[in-house]
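Everything on this sheet refers to the single structure shown next.
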């Protein structure tokens, strides 16, 4: 069957099997591999992306169900070469280690801050409670989201392309707010 | 106006800096195995055994082969023809790639399908018919050794039972004597249940056999790319120089990705058979049911002491459930890993342990989940026994520990089972943890709450880790010594590259290893590229697990960088026309002693070394060096943890209120990364103590095959951890560093368990403390987590 949807602001069109999961459509057909596949049972949350502005677990959404809808993935968080504060917060507060859960965590975090710009620690923990991280023990993910809440805008030209000297991101650590 | 001096954003060496690798990860531009797409790539899927123990009487693949999208169907009998049906395990046993005679655990690999896409490959699995003759399963490790138990490994000539090994350490006679003379003896059975590391990324591979060049490129989720390459050469008979193993970004390892799984080999076979690249990526159920589990130690501990609380001896018997094949990944000479560090952090007269391994109809593995080769089990045993003794004596567990901890002047300390602890100041770490926690105040609060019927618990643990395997004369895996190579090269313009034998699954090596070189050479970490995870582009070494990267590879890099510095001195002496002995080093620069204005910076030296400068006799140009580091000893990080829990008396629900962790891993390359690793390990402890268990029913069905059934901690179970540190350098590591990656996973479970038992006033019950287990323990009838579920 054919599906049409908007992905990261651009119309896309695909020929798919009706049973194809949205996570596989996004990864395998669109090549947007920032969204990960972790469990199949909507328990782990590595596949979280947005459908019509709401975070969904794309391993339990059929691509066909996204027909006519608007999808946003982690690749769309950065705008005009500027990281989203949530992305910057994860860097500044060491909110990631292996990086596998990170895109899903960040998509939920962005949604939370859009709806609740100043969440409490408990509200942050509740928001990400459907997503699993095995590396961080969540403490620095919470701090990363708190950092993003405290830094709603990032100064321009702050962070490099991955291919460039990645360390410019690290140079920004001088701006950090106090960790512990 | 006052100014506050800030730490430099990027330290010239050790210190907090954000991670270089994060630039790609936060953009969703990591490159994990499942992200790799090659032209013409096919997809593989594994058919797995539905029964835990059964004879295969027939496999019919004709319908699967007729599927229009299927390119190949591979069975065990086909592999037998290639002499590939079985492969060596990491513990001198064999493991089937695909079952030929019997299946021996639920989820074992039976057939492999290669198809055009991943959905079609799984469709075709449904078309394969397998006839099984069911056999009685052996699920309980104790029943495995009972007379008349079904023999699981009848593939081994003459095998008539399920016994694997007996092993002992320590001195039996002196231990028995110490027990005979003891004023107090406490005995306790305890189970460290079967758990699973469950990294967020499951295991997988992309195999690409180039038929023209004969070269295999293997992208795979491996923590040990070089060891894998050698093993592929040995197993498949492929020439080693025609194998390239690439470990790209890895979504968490925790020991789960040390071994070679049948799926990896099957992807290679699939690529050879079809002439196309083949991707195999397991799903979560496959990961939980078939890949390397952890623990499953059934322990009987005894502790002897004087009436006033001086511990004199420990005695332990362990039954180790290794599953259907002995495939633990650990140094060959240590079938029970490093369990014999079970004397822990205490000054004893004698100790003895016996460990017996048995086969059961469960998945193989055993050493995984950040355990430092079974130090996790050892620390759990001793820290529970100390709490049981405290209960017997009516002593505060902190006071009992403080009375028995090794004293700083006893280091280096040879423990009763032969380990040589390199350095430590244990009482200082415990005191610091108690101060951070406000221990005495917590005990007062606990007493008040008890008056009101509230259940609050305070649990301690003190651990000694042994990490950085290991000295070549003592430690190898399948004959490969556990040394690691490193190469440091300074480019003409003063930038540098360091090539590592180890790789990262989230540890941040691209940052920390640059910091090690920066510390030695005075080149900014931003100007140092770290190359790792690709056997074609890195020196040989055994990989990242057992917290060995910093102790072994970190030392190799430090020594190589120091050799670069030494060579730079000679080049600088030629540049400055002074004797090398007249030069002094300050970070990044050699200068003339007594005249600091005359000198050469490392960048200038690098350009000169690559240029036309006339160099002294015997000095080659360029500025590089390498090192293969054979560690003289392991390193012994340690720490003191205090966990505070509240238990709902109505439901048995445990809430971790506080978790204080003081870690000593020597100097810290990047404190931010160390703290992150400690956080993760503390969460592991919360998970194992409260939630995680891989249970089986009496039929041998796996009851933890998804994240709906195998529970791991979420943000709601984990508190904001409170960390502290002491710094006791290792005397033998070139930079004084110790490993830390697994410290918290090793140290945290007993702290949580001790806290729960303290809250409910029960001497012992087994993990995990689910609400049901807490409730039943309060009623005096705890669940037996070691038994099959009726």
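The values are calculated or read from the model by the stated rules, or taken from the named source; none is laboratory data. Since we're looking at a predicted model, the values are computed, not measured. A quick note on method: Cβ atoms are made from the backbone with ideal geometry, for glycine too, and the neighbour counts reach across all protein chains shown.
Assorted remarks:
- Residues in segment A:1-32 that are surrounded by fewer than 16 Cβ atoms within 10 Å (Cβ to Cβ) and assigned to a strand (DSSP E or B): A:2, A:4, A:6, A:10, A:11, A:13, A:15.
- Checked against the criterion of being under 22 Å from residue B:691 (Cβ atoms) and in contact (Cβ under 8 Å) with a residue 24 or more places away in the chain, segment B:722-732 has at least one qualifying residue.
- Matching entry among B:743, B:715 (being within 11 Å of another protein chain (Cβ to nearest Cβ) and buried (at least 24 other Cβ atoms within 10 Å of the Cβ)): B:715
- In the set B:323, B:309, B:357, only one residue is more than 26 Å from the chain's Cα centre (by Cα) and either modelled with pLDDT of 95 or more or in a strand (DSSP E or B) (or both); that residue is B:309.
- Options B:151, B:130; residue that is surrounded by 13 or more Cβ atoms within 10 Å (Cβ to Cβ) and free of Cβ contacts under 8 Å to residues at least 60 places away in the same chain: B:151
- Residues of segment A:6-47 that are touching a strand residue (DSSP E or B) at 6+ places or on another chain (Cβ under 6 Å), in contact (Cβ under 8 Å) with a residue 40 or more places away in the chain and away from chain B (no Cβ under 12 Å): A:6, A:7, A:14.
- Hey, residue B:142 under 30 Å from residue B:711 (Cα atoms) and at pLDDT below 95 or not: yes
- Residue list for segment A:65-87, filter: part of a helix (DSSP H, G or I) and over 12 Å from the mean Cα position of the chain (by Cα): A:65, A:66
- Candidate set: segment B:675-704, residues that are at the interface with another protein chain (Cβ under 10 Å from one of its Cβ atoms) and either under 18 Å from residue B:195 (Cα atoms) or out of contact with any helix residue (DSSP H, G or I) (no Cβ under 9 Å at 6 or more places or on another chain) (or both); chosen: the one surrounded by the most Cβ atoms within 10 Å (Cβ to Cβ): B:682
- Selection status of residue B:57, surrounded by 18 or more Cβ atoms within 10 Å (Cβ to Cβ) and either more than 8 Å from chain A (Cβ to nearest Cβ) or under 28 Å from the mean Cα position of the chain (by Cα) (or both): no
- Flag if residue A:97 is facing chain B (nearest Cβ under 8 Å) and more than 21 Å from residue A:31 (Cβ to Cβ): yes
- The number of residues in segment B:249-306 being part of a loop (DSSP other than H, G, I, E, B), touching a strand residue (DSSP E or B) at 6+ places or on another chain (Cβ under 6 Å), away from every other protein chain (no Cβ under 12 Å) and buried (at least 24 other Cβ atoms within 10 Å of the Cβ) comes to 1.
Yes or no, residue by residue, for (1) modelled with pLDDT of 95 or more; (2) outside any loop (DSSP other than H, G, I, E, B); (3) under 27 Å from residue B:128 (Cβ atoms); (4) in contact with a strand residue (DSSP E or B) (Cβ under 9 Å, 6 or more places away or on another chain):
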position	(1), (2), (3), (4)
B:14	yes, no, no, no
B:19	yes, no, no, no
B:38	yes, no, yes, yes
B:47	yes, yes, yes, yes
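- Residue list for segment B:494-533, filter: under 19 Å from residue B:740 (Cα atoms), within 14 Å of chain A (Cβ to nearest Cβ) and assigned to a helix (DSSP H, G or I): B:509, B:510, B:511, B:512, B:513, B:514, B:515
- Checked against (1) within 13 Å of chain A (Cβ to nearest Cβ); (2) modelled with pLDDT of 95 or more; (3) part of a loop (DSSP other than H, G, I, E, B), residue B:99 meets all criteria but (1).
- Evaluation of residue B:192 against (1) away from chain A (no Cβ under 14 Å); (2) farther than 30 Å from residue A:133 by Cβ; (3) touching a strand residue (DSSP E or B) at 6+ places or on another chain (Cβ under 9 Å) (one fails), failing number: (2)
Yes/no per residue for (1) over 29 Å from residue B:294 (Cα atoms); (2) part of a strand (DSSP E or B):
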site	(1), (2)
B:388	no, no
B:401	no, no
B:416	no, no
B:428	yes, no
B:432	yes, no
B:436	yes, no
B:441	yes, no
B:462	no, yes
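- Scanning segment B:60-95 for residues that are part of a loop (DSSP other than H, G, I, E, B), under 36 Å from the mean Cα position of the chain (by Cα) and surrounded by 15 or more Cβ atoms within 10 Å (Cβ to Cβ) turns up B:84, B:85, B:89, B:90, B:91, B:93.
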